[in-house]
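Student: Before anything else, here's the structure in question.
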Amino acid sequence: MWDAEAIRSGLPTKRIGHFIVALEEVGSTNDAVAKLAESGAPEGTAVVAEQQLRGRGRLGRHWESPKGVGIWTSVLLRPFIPSPQAPFLSLLAAVAAAEAIEETTSLPVQIKWPNDLFLEERKAGGILAELSVEGMSIRHLVLGIGINVNHCPDDFSVELRPSAVSLRMALGRPVPRLSLLRSLYLKLDYWYDRFLVEGSRLVLDQYRRRCLTLGKAVEVKSEDGVFLGDAVDLGPGGELLVKLPSGEVRAVFAGEATLRIERRE
Ligand code: BTN
């Protein structure tokens, strides 16, 4: 069982994790944090659970969150930035999670745009950012982070098995979840602070280094529909810049970019 005091003790963060709620079981940690946010919880409040009964993924998907093997956590942010900039914070969370995993396991983590964590071409984690706005300003943002840590293959459903991986499966031995979670909060705190002080550039540099989507042929599903192109770069807000066959470069702010295998005749 997660021990809130052990997670928090001596954690040298400015904002993240001064108040931590550790639960045995929850519907979704994102919902638990949103509820705390509504009752005035301070920025940096975190909820972590052993198991989620209704874990959510992006694009309305279910997120498998079995007991005792993952990191299922959400963190409350209250940034003073215009609400259209909020999606950038989910890219920032992906950088933080990738660094925390690398620091704890030495496994090389890549990010598939916008915020899927990949190991050995399979998904090891993801981020779900949920925003509460008032006009153009942000009331609060919940950053939900899921990492498949100590799953054995059987801990994934049959449908997920071909495309999912855990850190333990990639490393060949179990990974200490407490060290990983503390490292995650530390990295999140570090990059969030740098972003607030210096803007997005440094985070984007780190993101680009790890992004497996850039330079690839992609199929994009976004609010503009489905289209093909080449992922050429990121814009200042983390939007994916995709060059269409016509030469036009389109900015994709939300959606999914699946890699295409180029067929050369
Ligand atoms: C995705 O890749 O689709 C995003 C997955 C996000 C999962 C995490 S686990 C903690 C938090 N609570 C949820 O219900 N979802 C996020």
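Yes/no per residue for (1) of a type in the set (G, A, S); (2) open to solvent by 60 Å² or more (accessible area, probe 1.4 Å); (3) not in a loop (DSSP other than H, G, I, E, B):
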position	(1), (2), (3)
V21	no, no, yes
P42	no, yes, no
E50	no, no, yes
P79	no, no, no
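Student: Right, another one. Regarding the stretch 247-255, can at least one residue be identified that is open to solvent by 50 Å² or more (accessible area, probe 1.4 Å) and part of a helix (DSSP H, G or I)?
Tutor: no
Student: Name the one entry in L77, L36, L107, L119 that is closer than 17 Å to D193 by Cα and more than 13 Å from the ligand (Cβ to nearest atom).
Tutor: Of L77, L36, L107, L119, the one residue that is closer than 17 Å to D193 by Cα and more than 13 Å from the ligand (Cβ to nearest atom) is L77.
Student: Scan the stretch 21-33 residue by residue and report those that are more than 10 Å from the ligand (Cβ to nearest atom) and within 20 Å of the chain's Cα centre (by Cα). Steps first, answer last, please.
Tutor: Going through the stretch 21-33, the residues more than 10 Å from the ligand (Cβ to nearest atom) turn out to be 21-25.
The answer is V21, A22.
Student: Can you work out which of the residues in the stretch 52-72 that are within 6 Å of the ligand (Cβ to nearest atom) and part of a strand (DSSP E or B) is most open to solvent (accessible area, probe 1.4 Å)?
Tutor: R56
Student: Still on this structure, I have one more. Assess whether A49 counts as being modelled with pLDDT of 95 or more, within 12 Å of the ligand (Cβ to nearest atom) and more than 21 Å from R177 (Cβ to Cβ). Write out each step before concluding.
Tutor: Working: modelled with pLDDT of 95 or more: yes; within 12 Å of the ligand (Cβ to nearest atom): yes; more than 21 Å from R177 (Cβ to Cβ): no.
Spelling it out, it is not the case that A49 is modelled with pLDDT of 95 or more, within 12 Å of the ligand (Cβ to nearest atom) and more than 21 Å from R177 (Cβ to Cβ).
Student: Moving to a separate point now. What number of residues within the stretch 151-163 satisfy the criterion of being within 24 Å of E103 (Cα to Cα) and crowded, with 20+ Cβ neighbours inside 10 Å?
Tutor: We begin by selecting, within the stretch 151-163, every residue within 24 Å of E103 (Cα to Cα); these are 151-153, 163.
Pick out the ones that are also crowded, with 20+ Cβ neighbours inside 10 Å and you get 151.
Summing the residues that are within 24 Å of E103 (Cα to Cα) and crowded, with 20+ Cβ neighbours inside 10 Å in the stretch 151-163 gives 1.
Yes or no, residue by residue, for (1) under 25 Å from G60 (Cα atoms); (2) over 18 Å from the mean Cα position of the chain (by Cα); (3) not in a strand (DSSP E or B):
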site: D193; (1), (2), (3): no, no, yes
site: R209; (1), (2), (3): no, no, yes
site: T213; (1), (2), (3): yes, no, yes
site: K221; (1), (2), (3): yes, yes, no
site: D230; (1), (2), (3): no, yes, no
site: P236; (1), (2), (3): no, yes, yes
site: A257; (1), (2), (3): yes, no, no
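Student: Which one of these is part of a loop (DSSP other than H, G, I, E, B), over 23 Å from G215 (Cβ atoms) and not aromatic (F, W, Y): E159, E130? If you could, list the steps in order and put the result at the bottom.
Tutor: Details: E130 fails: part of a loop (DSSP other than H, G, I, E, B).
Testing whether each residue is part of a loop (DSSP other than H, G, I, E, B), over 23 Å from G215 (Cβ atoms) and not aromatic (F, W, Y) leaves just E159.
Student: Can you find even one residue in the stretch 126-139 that is among the acidic types (D, E), open to solvent by 20 Å² or more (accessible area, probe 1.4 Å) and on the phi < 0 side of the Ramachandran plot? Before the answer, list the steps.
Tutor: Kept after step one, since they are among the acidic types (D, E), are these residues of the stretch 126-139: 130, 134.
Next, only the ones that are open to solvent by 20 Å² or more (accessible area, probe 1.4 Å) stay: 130, 134.
If we keep only those that are on the phi < 0 side of the Ramachandran plot as well, we get 130, 134.
Looking for residues that are among the acidic types (D, E), open to solvent by 20 Å² or more (accessible area, probe 1.4 Å) and on the phi < 0 side of the Ramachandran plot, one finds at least one in the stretch 126-139, hence yes.
Student: Can you find a residue that is modelled with pLDDT of 95 or more, within 16 Å of the ligand (Cβ to nearest atom) and surrounded by fewer than 22 Cβ atoms within 10 Å (Cβ to Cβ) anywhere in the stretch 194-203?
Tutor: No: the stretch 194-203 contains no residue that is modelled with pLDDT of 95 or more, within 16 Å of the ligand (Cβ to nearest atom) and surrounded by fewer than 22 Cβ atoms within 10 Å (Cβ to Cβ).
Student: While we're here: Are there any pairs with C-beta distances below 7 angstrom linking a residue in the stretch 142-153 that is over 17 Å from H62 (Cβ atoms) to a residue that is charged (D, E, K, R) and in a loop (DSSP other than H, G, I, E, B), with the two at least 6 apart or on different chains, and if so which?
Tutor: From residues that are over 17 Å from H62 (Cβ atoms), the pairs are P153/R161.
Student: Among the residues of the stretch 82-104, how many are in a strand (DSSP E or B) and either within 10 Å of the ligand (Cβ to nearest atom) or of a type in the set (K, R) (or both)? Walk me through it before giving the result.
Tutor: Initial filter on the stretch 82-104 (in a strand (DSSP E or B)): 82.
If we keep only those that are either within 10 Å of the ligand (Cβ to nearest atom) or of a type in the set (K, R) (or both) too, we end up with none.
Summing the residues that are in a strand (DSSP E or B) and either within 10 Å of the ligand (Cβ to nearest atom) or of a type in the set (K, R) (or both) in the stretch 82-104 gives 0.
Student: Here's another thing I want to ask about it. If I filter the stretch 165-179 down to residues being under 15 Å from E103 (Cβ atoms), not in a loop (DSSP other than H, G, I, E, B) and not aliphatic (A, V, I, L, M), which single residue comes out as least open to solvent (accessible area, probe 1.4 Å)?
Tutor: Once the filter is applied, the top-ranked residue is R177.
The values are calculated or read from the model by the stated rules, or taken from the named source; none is laboratory data. On a predicted model such as this, the values are computed, not experimentally measured, just so you know. Quick reminder, even Gly has a Cβ in these numbers, built from the backbone with ideal geometry, and neighbours come from all protein chains shown. The accessibility values were calculated without ligands, DNA or RNA, using every heavy atom of the protein model including side chains. Shrake-Rupley method; radii C 1.70, N 1.55, O 1.52, S 1.80 Å.
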